[in-house]
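What follows is a single structure, written as structure tokens, with notes after it.
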Amino acid sequence: MALESPSQARLPLLAVRELNFHRDIETILRFQVEIYETNFPGFRVTATFLRDYRRQLRRVSRQWSEGLFVLDDGQQPRGFLWVGLITTLISPTIGYIKNIYIAPELRGQGWGRELLRTAEQWAAERGATEIELDASVCNEEAVRMYESAGYGTRRLRMAKDLRSFGA
Ligand SMILES: CC(C)(COP(=O)(O)OP(=O)(O)OC[C@H]1O[C@@H](n2cnc3c(N)ncnc32)[C@H](O)[C@@H]1OP(=O)(O)O)[C@@H](O)C(=O)NCCC(=O)NCCS
């Protein structure tokens with residue numbers, strides 16, 4: 001779908017489309033460095049990690065229960081979305097957002113929210129009654145985006161540093 005900008009003037013050709021694995025994969029892998037290193041402070045993306053990620057994406061790119069989208073500027077991906085269907089203890093089908101990314105120079109213009117809408121629509125069309133995601137508390141921009149789009153916290157993953165026990 002070709003999109004007029006959600007706000008302000010910007011690149012005229014930006015559009016959300018499905019991932020073309022062979023054409024897009026190298027750019028999508030480059031995005032993963034910031035995504036993983038921002039959301040998991042201390043983690044370093046390695047060549048092995050990227051090789052496994054590439055394999056995983058190639059496998060799921062053929063599955064009905066996985067949705068892979070890019071924000072395309074007419075030449076290359078400038079954003080990425082991975083959404084899938086999962087089952088939980090209480091819901092047989094819910095959407096789960098695994099990865100969402102907008103290139104730094106395009107942030108703050110509504111494209112992240114546009115990808116969120118794409119994920120929600122994709123999941124609803126496949127029968128999902130709800131959509132979930134995990135977010136790192138340190139990623140304030142992402143948490144704010146989810147909250148402003150209507151997402152709320154259902155469970156907290158809590159952590160405590162145990163290194164002083166070994167000292
Ligand atoms: C998170 C991310 C996808 C947001 O994309 P974006 O295109 O900048 O988001 P939008 O422009 O659609 O903004 C949507 C809302 O997010 C919040 N937001 C976005 N950037 C923000 C910032 N710098 N500071 C505070 N809030 C921000 C705002 O609530 C905003 O709504 P508003 O404009 O009505 O105030 C983008 O920052 C990103 O790709 N980050 C790196 C990858 C990542 O960490 N992904 C999330 C993994 S959980």
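The numbers here are math on the coordinates, done by the rules we state, and not lab data. It should be emphasised that the depicted structure is a prediction, and the values quoted were computed from it without experimental measurement. We place every Cβ from the backbone using ideal geometry, glycine too, and count neighbours over all the protein chains shown.
A few remarks follow.
- Angle between the chain longest axis and helix 21-39 axis [Cα atoms, degrees, rounded to 10]: 40
- Counting other Cβ atoms within 10 Å as a rough exposure proxy, the listed residues ASP73, ASP52 run ASP52, ASP73 from fewest neighbours to most.
- Computed about its Cα centre, the charge dipole of the range 15-151 is approximately 540 debye, with only Lys, Arg, Asp and Glu carrying charge at their Cβ.
- As a length-normalised measure over Cα pairs under 8 Å and 6 or more apart, the relative contact order of the range 19-87 settles at 29 percent.
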